[in-house]
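Asker: Sharing a structure, written as structure tokens. Questions coming.
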Amino acid sequence: MFAFDSTSYRRLGLAATGLSTLAISAAVLAERPADAITLTIPVDQIAQHEVTGYLAVKLRNLSVIDPADPLAGPNAEQTLSLFGREDLIAASSADYSATACQPLKPAADTLAEIERRARQTSIVIINESHARSDHRGFTALVARRLRKIGYDTLAIETLVHDAPDVPADNLSPFVRQPGLPYFSDDDGFYLAEAGFGRLGRTAKALGYRLLPYEMIVTGPPPAKSSVAQQIAAREEAQARTLAAFIKANPRGRLLIHVGYHHALEVPTKEGHRWMATRLKAKTGINPLTISQTTCRGGGAALQLSTLPPSEPTGSFDLIIDHPAARFVEGRPAWRVSAGDQPVAIPTALLPKAGWRVVEARPANEPDSSVPMDRVAIRPGESIALMLPPGRYRLRTIDIEPPRTLEPEGRDGRSAP
């Protein structure tokens, strides 16, 4: 059940017909059950050029994607996923296509098996596809499970890693204000996606220490350096930062959330040594490595699968095989399983042309927080917000004519 706070709703200029499906009476609000969702008004409506910081970069990336042909845009998969539109990419993305992996036998409860193996080490590394929010949702479940057995630090690849000489006032919000219960949009590139924001909220609520470890870039790569050399430099920098933290905190237990191949703990056949391989060598600790990107679509429910023969032996310790993606009112169904409810976007807030981003934040949070949900919609679409029970305020951002695509920040750089 959800309701609209009737206070000052005319200030937004919403027609009564636009709110006809919403219960807005004071009596309904006073009697709403514990699982109610309340959307407060007035709604803050702004244009893209009014947004600053990291979010402005991502909005510019969305602006170059044609709403009429979204998959033709540059970096369309990751940008559309970041703005809650995995439904537009799932049918064509390799990160969603089913594989032919075999289920692990005997079958085991996935989280219980992760916990069992995590007890045997002090480092767990789990990867994600940058185009799938359900991977972040699963990492949140893992984080909750591992916190109970002493894991106390969560390292996230996309967190901004401030240089040592950054003035205190310019440090990333999660460093400057560690007590905030949410991530801010300026904390990292991929964190703007609502599922990533939920992972951050979970980690903070559980008392995890947050650790950035991305390579700090101080200038362009060396002249004539190859792509392989640049990747190696990045992997080495990441592993060196993590190893230094482990050395300084020998009793700590570390959960590391990475993208794609960074979790590989053996060299590839081409000889590439990714972060996990280097970290294992530097520390002498055998990490539990978990892949969410190797297998998918193997069953109706999440399961453990075996490593495909095409992968180097020992690449990962556990293979998480997510079921085929399903969508409810245009949004990932895993969010419903996690406790969200689909909430219709009021007709008065639907765009007449181009993209419009709709955000829903807890009513007491500032615009800088990663919202509980953020979704890009087009004219004529029926796309829902996905929200857990609570009281939320809305903000809309109208996307302006396209400009040049912005490069991603190093903290959010995609790896093969």
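The values are calculated or read from the model by the stated rules, or taken from the named source; none is laboratory data. For clarity, every value in this text was computed on a predicted model and none was experimentally measured. Cβ sites come from the backbone with ideal geometry, for glycine too, and all protein chains shown count toward neighbours. Note: accessible area is taken over every heavy atom of the protein model, side chains too, but ligands, DNA and RNA are not part of it. Shrake-Rupley method; radii C 1.70, N 1.55, O 1.52, S 1.80 Å.
Asker: ³J(HN,Hα) across segment 261-277 via Karplus (A = 6.51, B = -1.76, C = 1.60, θ = phi - 60°), whole Hz, x for Gly/Pro?
Answerer: Working through the residues one at a time gives 6, 4, 8, 4, 9, 10, x, 6, 5, 7, x, 5, 10, 7, 3, 4, 4 Hz.
Asker: Additional query: What ³J(HN,Hα) values, in whole Hz, does the Karplus curve 6.51 cos²θ - 1.76 cosθ + 1.60 give for segment 300-317 when θ = phi - 60°, with x put for Gly and Pro?
Answerer: 6, 9, 4, 8, 8, 10, 8, 5, x, x, 6, 8, x, 3, x, 4, 9, 7
Asker: Using alpha-carbon positions, what is the distance between the centroids of segment 346-389 and segment 176-198, in Å?
Answerer: After rounding, the separation between the Cα centres reads 17 Å.
Asker: Which whole number in µm²/s is D for segment 108-194 by Stokes-Einstein, with the Kirkwood Rh taken over Cα pairs at 10 °C and 1.306 mPa s? Before the final figure, lay out the partial values.
Answerer: Numbers: Rh = 14.9 Å.
D, rounded to a whole number, is 107 µm²/s.
Asker: Here's something else I'd like to know. Please list, ordered by chain and number, the residues whose modelled amide H lies under 5 Å from the amide H of ILE125; skip anything fewer than 5 residues away on the same chain.
Answerer: Result for ILE125 returns ILE256, LEU288, THR289, ILE290.
Asker: Could you check the simple spin-label distance between ALA91 and ARG326, using points 7 Å along Cα→Cβ, in nm with one decimal?
Answerer: 1.9
Asker: Taking the alpha-carbon centroid of each part, what is the distance from segment 200-245 to segment 102-138 in angstrom?
Answerer: Rounded to whole Å, the Cα centres lie 22 Å apart.
Asker: Calculate, for the chain, the solvent-accessible area per residue in square angstrom, rolling a 1.4 angstrom probe over the heavy atoms of the protein chains. Walk me through the numbers before you get to the answer.
Answerer: Working: 17710 Å² over 416 residues.
Value for the chain: 43 Å² per residue.
Asker: Please give the calculated 222 nm ellipticity per residue for the chain, where each DSSP H segment of at least 4 residues contributes -39500 (n - 2.57) and the sum is spread over every residue; nearest 500 deg cm²/dmol?
Answerer: Theoretical 222 nm ellipticity from helices: -7000 deg cm²/dmol.
Asker: Could you tell me which of rounded, prolate or oblate describes segment 187-293, using a ≥ b ≥ c as the square roots of the eigenvalues of the alpha-carbon gyration tensor, with rounded for a/c under 1.5 and, failing that, prolate when a/b is larger than b/c and oblate otherwise?
Answerer: Working: a/c = 1.64, a/b = 1.32, b/c = 1.24.
Since a/c reaches 1.5 and a/b is larger than b/c, the shape of segment 187-293 is classed as prolate.
Asker: Considering the dipole of the chain built from charges on the beta carbon (Lys and Arg +1, Asp and Glu -1) around the Cα centre, which of ALA98, ALA243, SER81 is farthest to its positive end?
Answerer: Sorting the options by dipole projection puts first ALA243.
Asker: So who's got an amide H within less than 5 Å of the one on LEU39, skipping anything under 5 residues away but keeping other chains? H placed 1.01 Å off N, in plane.
Answerer: Excluding prolines and chain starts, which carry no amide H, the hits are ALA3, PHE4, ASP5, TYR392.
Asker: Residue farthest toward the positive end of the dipole of the chain, with Cβ of Lys/Arg at +1 and Asp/Glu at -1: which of MET386, LEU210, LEU55?
Answerer: LEU210
Asker: A further question follows. Which FRET efficiency value, to the nearest 0.05, is calculated for ALA168 and GLU50 with the Förster distance at 22 angstrom and r the Cβ-Cβ distance? Could the numbers behind the result be given before it?
Answerer: Values: r = 27 Å, r/R0 = 1.25.
The pair ALA168/GLU50 has a calculated efficiency of 0.20.
Asker: Any lysines with Cα under 26 Å of the LYS204 Cα? List them, leaving off those in the same chain fewer than 8 positions away.
Answerer: LYS58, LYS148, LYS247
Asker: Let me ask something else about it. Explain nothing, just the number: dipole magnitude of segment 136-246 about its Cα centre with +1 on each Lys and Arg Cβ and -1 on each Asp and Glu Cβ, in debye rounded to the nearest 20.
Answerer: Once rounded to the nearest 20, the dipole reads 620 debye.
Asker: Can I ask one more? Starting from the eigenvalues of the Cα gyration tensor, five times each then square-rooted, give me the equivalent ellipsoid semi-axes of the chain, largest first, whole Å.
Answerer: The equivalent ellipsoid of the chain has semi-axes of 36, 24, 22 Å.
Asker: Pick from PRO308, PRO342, PRO222 the residue whose mean-square fluctuation is largest in a GNM of the chain, springs joining Cα atoms under 10 Å.
Answerer: PRO222
Asker: Once you've got the GNM for the chain with C-alpha springs shorter than 10 Å, pick whichever of ARG251, ARG144, ARG356 has the biggest mean-square fluctuation.
Answerer: Top of the fluctuation ranking is ARG251.
Asker: Continuing with the same structure: What FRET efficiency comes out for the pair THR306/ASP109, r = Cβ-Cβ distance, R0 = 25 Å, nearest 0.05? Don't skip to the answer; put the middle values down first.
Answerer: Details: r = 17 Å, r/R0 = 0.67.
Plugging the Cβ-Cβ distance into 1/(1 + (r/R0)^6) gives 0.90.
Asker: Quick one: which residues, 5 or more positions from GLN102 or on another chain, have an amide H under 5 Å from its amide H? H modelled 1.01 Å from N in the peptide plane, none for Pro or chain starts.
Answerer: So GLN102 has HN proximity to THR306.
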